[in-house]
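Below you'll find the structure, written out as structure tokens, and then a few comments.
Just so it is clear, none of the values below were taken in a lab; they were calculated from the coordinates. Because the structure is a prediction, the values reported are computed rather than measured. Heads up, the Cβs are rebuilt from the backbone with ideal geometry, glycines too, and the neighbour counts pull from every protein chain shown.
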Amino acid sequence: MKPIRHPVLGLSPTKRGLVFAGSFVLSLVLWYALKTLDIPLQTPSARWGIVSLQFAHTVERSREIIDSWNLVARDNAQSGLLLDFIFPLCYSTALTIGCFWAASLFRERGFRKTGWAAFIIAWAQWPAAAFDYVENIALWIQVRGSIVDPWPEVAYVCASMKFLLSGLGVATLLGAVVIWALRRRARLAVPPV
């Protein structure tokens, strides 16, 4: 039986680097746009804007948050959710490629168990995006006026899973970057023989 191989590992290193750079830059641009759209959503009932709705958890809390938004905020919420259908594909692809790079870096440095964990976390990034898409659908239904069960609970569970998996991806990538930078600095500090 042939082992399952992640699609990004089928790309050449050059293509993988280009896909990483493109998805990373697009992720930053979309993140900035989403943060800008989120400003009117930040009210006393929704201190964290759309994130407050993601974690509302109950119909009553969701209704309180959405009722605190004026028409501009509701339009921004809908625009942000539409834009957020592109964002998960970008950030999850960047994190997937970054975590596979981290896994190989950890293994090269002798951190086999950490490399194995980074490999698993790399595989978890596209499922994180899938959770994000389901969460977006649940939020869209609520923002459009159907604030009923099970949508607040669905959004809560999916947001929790999304943040957990993507947070592990970010931590893995940052850890690898720190190790790479420290090793590079140590190599540059040693004078050539």
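Calculate the all-directions average of the projected area of region 92-138's alpha-carbon convex hull, and give it in nm². Before the final figure, lay out the partial values.
Numbers: hull surface 11.6 nm².
Seen from a random direction, the Cα hull of region 92-138 projects 2.9 nm² on average.
One-quarter of the Cα convex hull surface for region 96-193, in nm²?
7.5 nm²
Rank-order 87-95, 133-141, 18-26 by packing density, defined as the average count of other C-beta atoms within 10 Å over each peptide's residues, highest first. Write out the running numbers ahead of the final one.
Working: 87-95: 22.7, 133-141: 20.0, 18-26: 15.4.
Top of the packing list down: 87-95, 133-141, 18-26.
Run the numbers for V25 and A130: contour at 0.36 nm per residue of separation, minus the present Cα-Cα distance, in nm.
Computed gain between V25 and A130 is 35.7 nm.
Work out the charge dipole of region 12-189 with +1 on the Cβ of Lys and Arg and -1 on the Cβ of Asp and Glu about the Cα centre, then indicate which of M161, A128, L174 is farthest towards its positive end.
Looking along the dipole axis, the top candidate is L174.
If amide hydrogens are placed 1.01 Å from N in the peptide plane, which non-local residues have theirs closer than 5 Å to the one on H57?
Y156
Which semi-axes, in whole Å and largest first, does the equivalent ellipsoid of the chain have when worked out from the alpha carbon gyration tensor as the square roots of 5 times its eigenvalues?
The answer is 38, 18, 15 Å, longest axis first.
What relative contact order, as a whole-number percentage, does region 12-189 give when Cα pairs under 8 Å and 6 or more residues apart are counted?
25 percent
So which trypsin sites (Lys or Arg not before Pro) in region 97-167 end up in coil per DSSP with only 14 or fewer other C-beta atoms within 10 Å?
In loop regions of region 97-167 (DSSP not H, G, I, E or B), the sparsely surrounded trypsin sites (Lys or Arg not before Pro) are R109, R144.
Just name one of V72, L82, S12: the one whose Cα is farthest towards the positive end of the charge dipole of region 1-140 (beta-carbon charges, Lys/Arg +1, Asp/Glu -1).
S12
Would you work out the charge dipole size for the chain about its Cα centre, treating the Cβ of every Lys and Arg as +1 and the Cβ of every Asp and Glu as -1, and quote it to the nearest 20 debye?
With Lys and Arg at +1 and Asp and Glu at -1, about 1380 debye.
Working out 0.36 nm times the residue gap between R109 and S160, then minus their Cα-Cα distance, what length gain in nm do you get to one decimal?
My answer for the length gained is 15.1 nm.
In what order do F131, F163 fall by count of nearby beta-carbon atoms within 10 Å, going from fewest to most?
Values: F131 21, F163 17.
Result, fewest neighbours first: F163, F131.
Please enumerate, by chain and number, the lysines with C-alpha under 29 Å from the C-alpha of K35, excluding those fewer than 8 residues away in the same chain.
Excluding near neighbours in sequence, the set is K162.
When I4, I179 are ordered from fewest to most other Cβ atoms inside 10 Å of their Cβ, what list results? Could the numbers behind the result be given before it?
Numbers: I4 6, I179 17.
In order of increasing Cβ crowding within 10 Å: I4, I179.
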